[in-house]
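Report on the following structure.
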Amino acid sequence: MGKSARHLRPLAALLGAAFALSTTACGGATDASTAAEAVDISGSISGQTINYWSMWKDGEPQQKVLAAAIVDFEKETGATVSVQWQGRSNTEKLVPALNTNNVPDLVDGTFAKLAPVIGETGQASPLTSVYSYEVDGKAVGSLIPEKFTSNGVFKGEDGQPWMVPYSISSDGIWFDAAKHPELKAKPPATWDDFIEVLDKLKAGGAAPIAADGDIAGYNSTWFVTALLRLKGAGSFKALIEDKSGEGWDDPAVLEAARKVEALVKGGYLNSGYNASKFPSQQQLWANGDASLILNGSWTPTETGSYAAPGFEYSSFQFPAMGDKPASARVDFIGFAVPAKSKNQAPAQRLAAFMLASKYQNALGTEAKVLPVRPDAPVDPAVESVKAAIDAAPATHLQNDGVTFPGFMEKVFFPKDDELFLGKTSANEFIGKMKTAQIQYWKDNS
Amino acid sequence: MTLHLTEPRTDGTPAQSAESRKPVPRTSRRGSRPGGSSIDVQRKKLLIPFVGPAFVLYTVLFIVPALGAVWISLHKWAGSGPMKFVGLDNYGRIFRDQLFLSSFGNTLLLLFVVGTAIFVLAFALTLVLRDMAGKKIARNVIFFPHLINALVFGVLAGFIFNPGGMVNSLLAPLGVTDPPKWLAQDNIFPLIMVTLVCTTTGYFTTILMAGVDRIPPYYYEDCALAGASAFQRLRYVILPLTWDVFGTCAVLWTISSVKIFEIVWVFGGSSGAGVPPTQSWTAAVYTYVNAFSGQSTPAYGAATASAVLSLALISVLVVLLRRAMRRDAVEF
C-alpha cells in the first residue's frame, strides 16, 4: 500500500472538503426547541399558506372528507393549504424534518404515533388558542367531551394541550347480530356471564373467539383491558412505571393474567390462532366460522369487503370485573402543529375548522369512523361502540398510553404473546415480567 | 466494507500477488520508479477529476452519515428535541440485551447457514446447468425468484402456511389431521431461512455460471480424456478457475445478508401491520424497531449503537473472509 500513498494525499484533501461541505449542510440542525407561546389565531389569515402532511392517502374515505373541508376552508378564509397526502408514514418522515427548519405547518396522526414523536419531545406548539376558538358558535374545547381530556392526555410539559383530535377509535368484542341477536339483546355484563356465553357457543361446535395471534398489539388488549377492569384506567401505566417491579406482586395483576390464561386453557380461542398470519383469523370470523373477535372500531370497514352476506355488525364492551366502573378505550386521531412552523395562525385555524359539524358529520356518515364530537351521527355498524363510549364514565388509551422507549415491543409484547399463545402460565408470565421490568428500568433510567 | 469491493484490479492487470512475485516490465506502470513515468504523471492528474465527484458524493452520502451514526450512538435521543450525552452506555446496554444477542445470532445464522446452503446449491446447479439442454431457459427460471419483491413472499406465506392454507389442504387428503403449526412464532425464522435459500440461490448461480462459462472448453475435454468424474471436474477445474468470482459472491452475500430486513418484517408481524415476533428478529430489525416502531418513544441512540455494532462486526467478518479466500488467481 506504500506505493499508493501519493494517491491518498489528494484523496485526503477531497475527504476534508467533503466533510466541510456536509457539516455546513447540516449546520444548526440540532437546535434545541424553543418553548413556544400560544398565539392569537383570531385575525385574518387571508393570503397565508400552510403545508399540511396528512396521514391519509389519496382516495381513502377520511381523505375525501378532509379534502372537501380544505376546499371550504380556503374559500372561507382566503388562506391556501398545500397538502401532501403522505399516508401513515408521515410521522416517521416528521422526525428528521423536525431537526431542520423546513417543517410542515400541520400534521395529523394517531395520538399513539404523534405523542412519542412530537408531543413528548416538546416539539409541538401549544394549541390553547384552538381550544378556545369558536366553531359553530361554540368553543372547540366544549365540543370535545370532557372525559376525553380530563386526564390531561393532550397536555405537554408546559401544561398546555398540543393536540386537537377530530376523530377517535375504540374497541369492542364484535359479533354478527343477524346470527346472534341474543348477544345484542343481552350482552354479557360480567366476566362470568362472558364465560357462560363462550361455553354456550363452544357447545354449538364453532370456536367462540377468533384472534390474529401474530399481532402483539391485539393480543395485549386482553391482558391490559382485564387489568384496567380490575384496577381502573391508568393502572397499567402505573404498573409499568414502577421501577421496583413490585406492582407485579399485586393479586389483581395475577388475576388479570389468569383471565387470559382461562381463555387459552378453556379452548375458547379458535384453533390455529397461534400459527396464522393476519388477517386470516379476522377473515374467518367475518365468514362466520367464529362468533366473536376483540378488535378495533375499524373492524366493520376493514372486514366489510369479505364479510358473509347479511352480516350485521355489532359489539359489546370487554366485560366488567369487580366493582370498578369500566372505562372505554378511546384513541385519538388529530392535528398537531410543530413549534418551528412559521404559519401558526392558519395551521391552528384549520385544526379548529375540522371540528365544524359539517365535517364531523361527514366523518361519521361518509367515512364511517367515529367523529370526536359526540353530537355527530355515526354509521349503524359502529353505533354499539359509540353508545359504549357515550355511556362510559372514563376512557383509556390503547396499552393505557405506555410509550416508554422499546418497552412494549421488547419487554411486554414478547412475554404477553407467550401468555396469550399458551406457552407460559399466568404465574410464569408475572415472574418473567417482574424480572424484565426491573432490568428495563435499570437500563433506562 | 464497500472498499473491499473496489480494491481488486484497479489497473486491469492480474491480481497483485501474482504480479509482485515475478515482476514483468509492464509493472513499471504502477510507479516503481521514484519520479514516475509520464503515463504515471498523467494518471495522477486525472485522479481528482475522475475520482473526485464520486468520492465527494460517497463521503457526503455514506461516510459522513456513518460517522454521524457513531456520534448519535453516544447519546440518548428521541430523534428530535434535546440530546443527552451518555457515552458508551448504549453499547453496554445492547450487549446486556438478550434480544440484541439473539437478533444478532439470527443474522449470523442467515450469513453462515443460509450462505452455505446457497453456495452448495449454486455450485450443484452450476454443474447440472452447464451440460443441460435448454440451459438458458432454466437459468432464467431459477433467477426469476430474485426479481420478486420479498413482500410478495411474506404475503404468500400466509396463503401457503395458514392453518387453512394450501399446505394443510394438500396434507389433509394424505391423512395428516394434525399438521405442524407452520406459522407459530418459533417456526417463522426457519421458514424465512428456507425462503431466502430458494430466492437467492438463482441469483448466485447466475453469477457463478458467468464465471464457469469463461472456462475454455478444452479443459473439460481434458477432463473427459482423463476420465474425471463430475466432482473431480468441480474440484480441479471449475473451483480453481472461478475462485475469484466465488470470492466476490461470498462478500456480496455477507453484505446483503446483514441487511436482511423486509422479509422478516413481512413474514411475521402480519405484513407490516405490527412488529414481527422477537424470535425472528435480525440485527437490522432490532435497529429498526428501536428507532421507528411507531409504538413508543424512538430510541435513536440504542438504534444507531446496534447499527454501528453490526457494521463493525460484519466488517471484521468480511476482512476475515477475504483473507481466508485469498488465492493466487489462475490466469487462463
Open item on the list: Order A:T403, A:T80, B:T177, B:T59 by their accessible area, 1.4 angstrom probe, all chains in place, largest first.
Closed with: B:T177, A:T80, A:T403, B:T59
TODO: Using a 1.4 Å probe and ignoring any ligands, DNA or RNA, find the accessible area of A:Y133 and quote it in Å² to the nearest 10.
DONE: 60 Å²
Task: the protein assembly as shown - share of DSSP beta bridges that are antiparallel (%, nearest 5) - done: 65 percent
Open item on the list: Probe of 1.4 angstrom, ligands and nucleic acids ignored: what's the accessible area per residue over chain A, in square angstrom?
Closed with: 40 Å²
Task: Residues losing 30 Å² or more accessible surface upon assembly, the stretch A:242-291, compared with the chain by itself, 1.4 Å - done: A:N274, A:A275, A:K277, A:F278
Open item on the list: For the interface of B with A, what's the total buried accessible surface in square angstrom, probe 1.4 angstrom, rounded to the nearest hundred?
Closed with: 4400 Å²
Open item on the list: Using Cα springs under 10 Å in a Gaussian network model of chain B, which residue among B:P217, B:P190, B:P298 shows the largest mean-square fluctuation?
Closed with: B:P217
TODO: Go from 0 up to the bin containing the longest alpha carbon distance in the stretch B:73-324, width 10 Å each, and give me the % of pairs per bin.
DONE: 7, 24, 27, 22, 14, 5, 1, 0
Task: P(r) histogram, all alpha-carbon pairs of the protein assembly as shown included - 10 Å bins from 0, percent - done: 2, 11, 19, 21, 19, 13, 8, 5, 2, 0
- [ ] Please find, in a Gaussian network model of chain B (springs between Cα atoms separated by less than 10 Å), the residue of B:P163, B:P277, B:P145 whose mean-square fluctuation is greatest.
- [x] B:P163
Task: Cα-based equivalent ellipsoid, the stretch B:234-325: semi-axes from gyration tensor eigenvalues, Å - done: 34, 16, 7
TODO: Grab the beta carbon distance between A:D58 and A:S132, set R0 = 22 Å, and tell me the FRET efficiency rounded to 0.05.
DONE: 0.10
Open item on the list: Which positions within the stretch B:61-91 get 10 Å² or more of their accessible surface covered by the other protein chains, compared to the chain by itself, with a 1.4 angstrom probe?
Closed with: B:I63, B:V64, B:L67, B:K76, B:W77, B:A78, B:G79, B:S80, B:G81, B:P82, B:M83
Open item on the list: Which entries of A:K155/A:K410; A:K410/B:K84; A:K231/A:K432 have Cα-Cα distances beyond 24 Å here?
Closed with: A:K155/A:K410
TODO: Determine the gain in length on full extension of the stretch A:K147-A:A206; use 0.36 nm per residue of separation and subtract their C-alpha separation, reporting nm with one decimal.
DONE: 17.4 nm
Open item on the list: Within the stretch B:231-246, list the residues whose amide N lies under 18 Å from a label point set 7 Å along Cα→Cβ of B:D131.
Closed with: B:231-239
Task: Violating pairs (Cα-Cα greater than 27 angstrom) within the set A:K434/B:K259; A:K423/B:K259; A:K243/B:K76; A:K243/A:K340; A:K237/A:K259; A:K93/A:K340 - done: A:K434/B:K259; A:K423/B:K259; A:K243/A:K340
TODO: Using label points projected 7 Å from each Cα along Cα→Cβ, tell me how many nm separate A:K342 and B:L311, to one decimal.
DONE: 3.4 nm
TODO: Run the accessible area of the protein assembly as shown with a 1.4 Å probe and give the carbon-and-sulfur part as a rounded percent.
DONE: 61 percent
Task: Helix axis angle, A:61-77 relative to chain A longest principal axis, alpha carbon, degrees - done: 40 degrees
Open item on the list: If you average the C-alpha positions of the stretch A:95-174 and of the stretch A:213-232 separately, how far apart do those two centres end up, in angstrom?
Closed with: 25 Å
Task: 1.4 Å probe accessible area per residue over chain B, in Å² - done: 52 Å²
Open item on the list: I'd like the distance separating the alpha-carbon centroids of the stretch A:34-66 and the stretch B:51-124, in whole Å.
Closed with: 37 Å
- [ ] Per DSSP H run of at least 4 residues, take -39500 (n - 2.57); add these up for chain A, divide by its residues and hand me the 222 nm value, nearest 500 deg cm²/dmol.
- [x] -12000 deg cm²/dmol
Open item on the list: Going by Cα centres, the stretch B:287-307 and the stretch B:137-185 are how many Å apart?
Closed with: 32 Å
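The values are calculated or read from the model by the stated rules, or taken from the named source; none is laboratory data. What you are looking at is a predicted structure, and each value in this text was computed from that prediction instead of being measured. Glycine gets a Cβ as well: all are built from the backbone with ideal geometry, and neighbour counts include every protein chain shown. When the accessible area is computed, the model is the full protein with side chains, heavy atoms only, and any ligands, DNA or RNA have been set aside. Shrake-Rupley method; radii C 1.70, N 1.55, O 1.52, S 1.80 Å.
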